[in-house]
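Let me begin by presenting the structure, written as structure tokens, before commenting on it.
Readers should treat all values here as calculations from the given coordinates under stated rules, not as data from a laboratory. In this text, all values refer to a predicted model and were calculated from it rather than measured experimentally. For neighbour counting, all protein chains shown are included, and Cβ atoms are generated from backbone atoms with ideal geometry for every residue, glycine included.
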Amino acid sequence: MMHRAALVCILSPMSFFPTTLAAASPGGEACRIEICHSAVTSCLQADLALNPYARTEAEKQSYCTAFFNGCMTREVTADLPWYSPQMVARFLQCPP
């Protein structure tokens, strides 16, 4: 009898977990992808000649592409010109 009680305690949180994962909507994901791609495009169009990490075209491509993952994980900082206030406002309006 004691083993059943322990099993119920272990399984109860697991039954909640899939519900938590379903909270992110496909529409919200598509919204964030579109905005993050636009941030990368803006970065690629920027003059980064003074940036030691983006001197060559290949370095610039690598440097700017890295911002996609940061954007998707919501690490958007206001000190970069390709994260405009309008882009951040649109990003915050994406569904969860």
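Assorted remarks:
- Model label zone, Leu48; criterion: amide N under 14 Å from point 7 Å along Cα-to-beta-carbon; scope the range 69-85: 69-71, 80-83
- One decimal place: the segment Ser25-Gln93 gains 23.2 nm when fully extended, by the rule 0.36 nm per residue minus the C-alpha distance.
- Phi-based couplings in Hz for the range 83-96 (Karplus 6.51, -1.76, 1.60; Gly and Pro marked x): 9, 5, x, 5, 5, 5, 4, 4, 4, 5, 8, 5, x, x
- Highest mean packing comes first when the peptides 44-50, 34-40 are listed by Cβ atoms within 10 Å, giving 34-40, 44-50.
- Once the gyration tensor of the Cα atoms in the range 24-92 is diagonalised, the equivalent ellipsoid follows with semi-axes of 23, 12, 9 Å, ordered largest first.
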